[in-house]
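A short worksheet on the structure shown next.
The values are calculated or read from the model by the stated rules, or taken from the named source; none is laboratory data. Quantities reported herein were computed from a predicted structural model and do not represent experimental measurements. Neighbour counts are summed over all protein chains in view; Cβ atoms, including those assigned to glycine, are modelled from backbone coordinates with ideal geometry. Remember, those area values only see protein heavy atoms, side chains included, never the ligands or the DNA or RNA. Shrake-Rupley method; radii C 1.70, N 1.55, O 1.52, S 1.80 Å.
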Amino acid sequence: MVSLCGGCNLYEPRAVLIVGALGVIGFIVVHFAMLRLRLDDSLDAVAVHGAGGLVGILSVPWFMYVGLEYGERGIFWDGNASTPWLVLGYNIAGALCISLWSAFWSALLFGSLYFLKMLRVSTDDEFKGMDLIKHGESAYPAAVRLEY
């Protein structure tokens, strides 16, 4: 879904299937890379939005097909024209800017929280459950909780 948002108004139905499949491959690669690197992303936000978004941005110049009346078709159809190659360059520059912006603010925010020792809760609190600490009662029955 995220992969298709970049060019949703430019794709033909057959291209949607290909871009969606490429987005799934990007998701799987980043998901397993994050697991292997032991990076904590319980919602797979990096894999879904990072990889899916990157695949979507980079797929537009290859698969766009506005039509002959507008003269804007992708590299697969009009690779000899300059327009799709310009779109590819703009999208690569945009992806680089988005990545740098995200990396800068993430490093600033999470680095500050790490430095101030506010990034993670204690191990005891994690095992007790944050619902018990924050709300005064457990969100899960006692039979499924670990008691420490």
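Looking at the structure I just gave you, is PHE76 touching a helix residue (DSSP H, G or I) at 6+ places or on another chain (Cβ under 9 Å), modelled with pLDDT of 90 or more and part of a helix (DSSP H, G or I)? No; evaluated as a whole, the condition is false for this residue. Pairs linking a residue in the stretch 81-94 that is under 12 Å from VAL60 (Cβ atoms) and of a type in the set (S, T, N, Q) to a residue that is open to solvent by 50 Å² or more (accessible area, probe 1.4 Å) and assigned to a helix (DSSP H, G or I), with Cβ atoms under 7 Å and 6 or more positions apart or on different chains, are ASN91/LEU58. Scanning the stretch 6-24 for residues that are in contact (Cβ under 8 Å) with a residue 24 or more places away in the chain and closer than 16 Å to ALA45 by Cα yields one hit, GLY23. Residues in the stretch 30-73 that are of a type in the set (Gly, Ala, Ser), over 15 Å from ASN9 (Cα atoms) and in a helix (DSSP H, G or I): 7 in all.
Please indicate, with yes or no, whether at least one residue in the stretch 28-39 is in contact (Cβ under 8 Å) with a residue 12 or more places away in the chain, within 17 Å of PHE63 (Cα to Cα), of a type in the set (Val, Ile, Thr) and surrounded by 13 or more Cβ atoms within 10 Å (Cβ to Cβ). No. The residue that is farthest from the chain's Cα centre (by Cα), among those in the stretch 104-128 that are exposed (fewer than 10 other Cβ atoms within 10 Å of the Cβ) and closer than 30 Å to TYR140 by Cα, is ASP124. When you check GLY79 against the structure, is it over 16 Å from the mean Cα position of the chain (by Cα) and of a type outside the set (A, V, I, L, M, F, W, C), yes or no? So GLY79 passes the test.
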